Each structure stands twice: as C-alpha cells, then as structure tokens.
1. Would you check which residues across segment 29-53 are open to solvent by 40 Å² or more (accessible area, probe 1.4 Å) and in contact (Cβ under 8 Å) with a residue 60 or more places away in the chain and list them?
2. Any idea which residue in segment 401-447 is nearest to the ligand (Cβ to nearest atom), counting only those that are at positive phi and open to solvent by 40 Å² or more (accessible area, probe 1.4 Å)?
3. Quick check: anything in segment 320-338 surrounded by fewer than 15 Cβ atoms within 10 Å (Cβ to Cβ), under 27 Å from G213 (Cα atoms) and either in contact (Cβ under 8 Å) with a residue 60 or more places away in the chain or within 28 Å of the chain's Cα centre (by Cα) (or both)?
4. State whether the residues of segment 269-278 include one that is over 25 Å from the mean Cα position of the chain (by Cα), open to solvent by less than 60 Å² (accessible area, probe 1.4 Å) and either under 30 Å from I309 (Cα atoms) or at pLDDT below 80 (or both).
5. Between a residue in segment 400-415 that is outside any loop (DSSP other than H, G, I, E, B) and any residue that is open to solvent by less than 10 Å² (accessible area, probe 1.4 Å) and within 6 Å of the ligand (Cβ to nearest atom), which pairs come within a Cβ distance under 6 Å, given they are 6 or more apart or on different chains?
6. Would you pick out the residues in segment 579-610 that are assigned to a strand (DSSP E or B) and open to solvent by less than 20 Å² (accessible area, probe 1.4 Å)?
7. Please go through (1) out of contact with any His (no Cβ under 9 Å at 6 or more places or on another chain); (2) open to solvent by 40 Å² or more (accessible area, probe 1.4 Å); (3) not acidic (D, E) for H92 and return the number of the only condition it doesn't satisfy.
8. Name the single residue, out of those in segment 366-400 being more than 16 Å from the ligand (Cβ to nearest atom) and polar (S, T, N, Q), that is least open to solvent (accessible area, probe 1.4 Å).
Amino acid sequence: MPKKKQAPEANHHSYREYLHYANVLRPHSVAVQAALAVVTLLQGYAAVTFLGVLVTQLTVPNVTMAQLWPMTAAFLGTIFVLAIIGYRLTMHANVNAWGSWFGMQAMTNKKMLTVTYPTFIDPKFRDEYAAANTSIMFSGGFGRFVTQVVNSVCGLIAAVVLSGASLVALFTARSQETTALARFSNSPWLLVLMLVIIAIPVVMAFPLAKLSGKYMRKFYDFNVQFNRMGAYYIQTVFDDYVIGKVIRIFDPHDHLLHYFAKENRTQIIEDNKMLTQATAARSLNNIVLSVIIGMLYVVVGIKGLAGAISIGAVIAYVGYLQQVIGALTTMMDTIGTSASILKGLDQFINFIEYPDAPAKGRLPIEKRLDNNYEIKVDDVSYRYPGTQEWALRHVTLQFKVGQRLALVGPNGSGKTTLIKLLTRLAEPTEGRILLNGIDIQKYDIHEYQQIFAVVFQDYRLFAFSVADNVAVNTHKDPERIQRALTLAGVWNKVDRMPKKTETSLTKNIDPAGVDISGGEAQKIAIARAWYKDAPFIILDEPTAALDPVSEYEIYQKFDDLMEKKTAIYVSHRMSSTRFSQRIVVLDHGQIVEDGTHAALMQAQGLYYRLFEAQAQYYTADKIKAERKNADAAYAID
Ligand SMILES: Nc1ncnc2c1ncn2[C@@H]1O[C@H](COP(=O)(O)OP(=O)(O)OP(=O)(O)O)[C@@H](O)[C@H]1O
C-alpha cells in the first residue's frame, strides 16, 4: 500500500487574521458572539445580585412585601430583557456558525475553480487542498473558533471587569470587631493569601492547558493524514464505478477492505491514547480550579464571620467568584481545544492564500467572422513542474488557417503536452506561442481559451442533462443541440431517452438518470466540442472508444462541417490521418517529420513505420496467415 503523505506544515497566522476571516465569512459574527458572552454573564450576575440584596433585605426587621416588590419587579424586568436579547443573539450566533462553515466550503470551491491550471495540478497545492478540506470537516472552522475561542475570551474579560469592582469592595470592607478573626480579616495578609490563591491557576493551569493543547495538536495532525486516506477510500475506492470493476476482478478476498479496517483500528487506538492524555491534563486543571474555588469561599467566609460584610454580601460575592472561576475554567478548556481549532484555521488560510500566477494578459481577442486566427509555435520547450525531463524540446510549428492537421507519435512523445500549451493550460518553459503575431500570454486568458473547443483524451461528462453537457454554460439552442448530437452519431440514442435531451446522465444526482456506454459518452463529448463553434477544434484521441464505422463517419461529417475552422487531430489510429492535409510527427518531445501522407510514406521514416506497423495487422494476407496458425494450433483431432 502507498505510504501516507505528511500533512503540509501549517504557517501560524495571527489572531487578527483569524478575526478578519471570521468577519469576512459572516459579517459581525465576532461582535454577535462577544455580545452573547456578555449577556449570558449578565444574566448570572443579575440573579446573584438579586439573591444577595434579597437576603440582606430579609434580615432587616419588619420588612414587608410591599417594600420588596419594586426590587423584585426590577429584577424580573432585567432578566426578561436579557433573556430576549440572549435569545436573539443565540439565533444569530447559530446562523453565523453554520453560515461560516458553508462560507469556508464556498471559498474552497471558488479557489479550486479559479486558480490557473498549472497551480491546479501542482502537487503541493493539492496537498493544501486536502488539508483545508480536512480542517473544515475536522476542526469546526471559523464557526467553532468564534463560538469557543471568542466566546471564552470575551466571557473571561467580562467576568473580570464585572467582578473586579465588587472584589475590590470585598477586600476593602473592614470589620469593626476586635476578635483575632476580625484582625486577620482586616490585615493585608488576607489580601496576600487571596493573591496567592489567584496566582495558582496562572502558574499551574496555563502549562497544563498548554500540555492538553499539545496533545490536541498531535491528535489533529495524526487525524488529518488518516482522514485523507479515509476520504480516498470512501469517495474513490469504494465508490467509483471503474475501480469497482477492478476490485471485483483483482481483489476477490477483500484485502482492500481489511487494509482499511486495520488502518481504522490503528486510528482509533492512537486517537484514544491522545484524547486520554489531553483529557487528563484538562481534568487536573479542573481539580486545581475546584480547590481554588473552595479556598476563595473560605476567604469570603472569614470576611462574613468577622462581620466585615453582611450575609447577603457573602452570597453575592460567592456568586461573583463563581462567575469568574467559571469563565476561567472555560478559558482553560479553550486553551486546550483551541490548539486543534487554530491549526485547522491555519491550514484553511494557507490554502486560500496559496500563491497563484497573476493573470498576465489583458488584451482582448479580436472577433473575426472569417476565423482568420493564425497560431505559430516558436521554438517552444516544456518541462513539467518538479521534473527534469523535457516533455517538449525546441518545437516550431505554424498552423495554417482552415487546415486539418494530424499530430501523431508514440506514447509519451508530447502530443497532449503540445495541446496543453496551445490552450494555455500550461505555459512554455522556453520559447513563445503567437496568435496573429502576438504572444498568447498577452491575451486575456478567458477570451483566449474561447477560441478552442477540445475533446480531451480523458474527457468527462457531467451528471447533468444531455443538453447541459452539450451546451455547458452557453445558451441552450435545442436545434443546434440536436444537430451536434446527430453529427456525433448519438442522436438516435438520445431520442430514445425518457426525457430526450433533458435526461440526466448517470444516477449520481438524478435517480431517473441513464447510464450510457463509453462510446456514446465520447460521442456526446464530441457534440459538445462542435456546439462551441470555436475557430480551433482539437480532438485528442477522441475516437478511442468508437467503433471504426462511427469513427469514420464522425471524421467525415466533421470535415464537411468544419468550413474555415482549423482542426488538430491527435490519434494513434493512423486511419484518421487520411482526413488531414498535413501530418506532424512527434518523437521524444521533438518534431521529427512534417508533411502530407504521401510525402511521409515516401520518406519511409517514423510515420511510415507507425503506419505500416498498424496497417500490416489489417492486410488480407496477414489475417489469413494468422488464422491459419491459430487453426493449426487449436485443431481438434
Ligand atoms: N502531469 C505530468 N507531470 C509530469 N510529467 C508528465 C505529466 N504529463 C505528462 N508527462 C510526461 O510528459 C511526456 C509527454 O507526455 P504527453 O502526455 O504529452 O504524451 P503523449 O504523446 O500525449 O502520449 P500518449 O500517446 O500516451 O497520450 C511524457 O514523458 C510524460 O510522462
């Protein structure tokens, strides 16, 4: 089995960047969450304050209900208003969390669809894409960043600010009694004791929270890689129709399934280990915080016992301390869990900010009804990124307007690479390609690519309707769609489909979709190329899945309908070259021959050898001889 790839190292981004992205994805989401944190806290403070004041009032002799009503009404009013605000803010916060998750998906999709093709196929970029996807699924993204990190930071700040004044009042409250306890209560030692107690979580809890964070980061890194592998198995190996055939024929004992299950077991064991370590560090923290809470209650109790504060104040202070300690506990937890959240955000930002070559050219393409677009390849060489070998070397070639040109050559000779350069899916490493005398890099890429219609060797159809597949994103003209399908020799098939051209292909999206054969699919791809009505039509091995009659008919019809368009045919079937006025032969990335069929046959070079090698299998004598041998070998006595 292939080795798992390492997840790309995440650059650390600043909190400012995280907050910026959070607000770009959902405007005001940070402010809404901060307000929610404060309102939630205020609800707690209102209840504690009311309780404290109520107890103080109840200790006043002869207090009546009438005296308590205004205070109670004010409390209920406050609680009601805070509850309504809290309800509205919670709704917004929830919508923001979901919205930012979808926003991350949308940004990722947009990046994938809009980067230049060389970046799109760059293996490093693909790694970043896989990591960003896992981070969206796994770390909870900016939604979780806001609801956890922003929430706990704002909650802690609000708790410290709200409790601060009352805690100062607690320590400045002096007892009038003369007992030893009262003296201790008034002495600076109580303050020192209090400061020591508060310092304990700062000294102890932060390193523990950090340790928990370290385990969570390890947990995250480990799972990023496993999730990539899991996604490959689930989305490709177990799902793809083509691989499904391979597995059934070549893996009857379900080795792949066992391998996947074994990897899964390893993941579960390792995950459990890391989660236990992280939880242990966090729990230790909570124990420390619980002890501190107990000690702080003792300090408040001393003040109360010494008569420095009333019973009602004791209740209120205990409540305030609880709020601060609660906020502190949440903060400690967040420090632990935020490590994996922030790592996920880093990977998402790295992907979104992945550098792409700037769109160079701005020149518009001249719209010409006479299709007079002349392309010249001028001493072009090309090396795929990260490789040492030249895929093309010193290629010079001029396309004549309206000419049918066949590109032939052995496997790996550079035919498809030349098509990629022509269509600006890649940029020459050396040399230039000119359109009407101007370097093609100077043209606006989208306009430039509109002058080509290509049927790629590895063409794909969408799981949309036949009409959508033919017209793609252009205006759907039913008559032209039918003509394109007729020309490609697949109209009879489409005409019999339940909803004709509106029938979906495959059942991937539409359960009522239809499945078609490889040859029929290829014909629809050819119809798509014709429908585009571009001045250059390129067919890169377009007929590999077609039977010889269909192939002949398609070339014949194409030839009749091409008018003044320039056509480039790439094919291993030498028979297709009969429709070409010119044949260019590539070998090891170089043009080794260029001429008409008759001239190249006469030259007896590579083209002659390729043609003869294929032709000999079809000659009557050869077939007769082969049959004779086979009949003799398998003759039954
Ligand atoms: N994405 C890629 N990264 C690195 N090298 C590549 C890539 N694609 C193709 N190559 C290499 O570039 C060379 C030319 O490949 P190309 O696909 O252009 O050949 P071809 O003539 O179209 O072959 P075939 O007849 O098999 O389709 C080959 O050596 C191939 O291995």
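The values are calculated or read from the model by the stated rules, or taken from the named source; none is laboratory data. Given the structure is predicted, the values throughout are model-derived calculations rather than measurements. Using ideal geometry, Cβ is built from the backbone for each residue, glycine included, and neighbour counts are taken over all protein chains shown. Quick note on the areas: whole protein, heavy atoms, side chains included, nothing else; ligands and nucleic acids left out. Shrake-Rupley method; radii C 1.70, N 1.55, O 1.52, S 1.80 Å.
1. Answer for segment 29-53, where residues must be open to solvent by 40 Å² or more (accessible area, probe 1.4 Å) and in contact (Cβ under 8 Å) with a residue 60 or more places away in the chain: V38, T40, L42, A47, T49, L51, V53.
2. Initially, segment 401-447 is screened for residues at positive phi, giving 402, 409, 412, 414, 424, 431, 436-437.
Pick out the ones that are also open to solvent by 40 Å² or more (accessible area, probe 1.4 Å) and you get 412, 431, 436-437.
Details: G412: 4, G431: 16, N436: 26, G437: 27 Å.
By that ranking, first place goes to G412.
3. Step one: list which residues in segment 320-338 are surrounded by fewer than 15 Cβ atoms within 10 Å (Cβ to Cβ), which gives none.
No; the residues of segment 320-338 include none that is surrounded by fewer than 15 Cβ atoms within 10 Å (Cβ to Cβ), under 27 Å from G213 (Cα atoms) and either in contact (Cβ under 8 Å) with a residue 60 or more places away in the chain or within 28 Å of the chain's Cα centre (by Cα) (or both).
4. no
5. Here the result reads K415/G409, each pair linking segment 400-415 to a residue that is open to solvent by less than 10 Å² (accessible area, probe 1.4 Å) and within 6 Å of the ligand (Cβ to nearest atom).
6. Of segment 579-610, the ones assigned to a strand (DSSP E or B) are 582-587, 590-595.
If the condition is that a residue be assigned to a strand (DSSP E or B) and open to solvent by less than 20 Å² (accessible area, probe 1.4 Å), then I583, V584, V585, L586, G595 are the ones that fit.
7. Checking H92 against (1) out of contact with any His (no Cβ under 9 Å at 6 or more places or on another chain); (2) open to solvent by 40 Å² or more (accessible area, probe 1.4 Å); (3) not acidic (D, E), the one that fails is (1).
8. Among those that are more than 16 Å from the ligand (Cβ to nearest atom) and polar (S, T, N, Q), it is N371.
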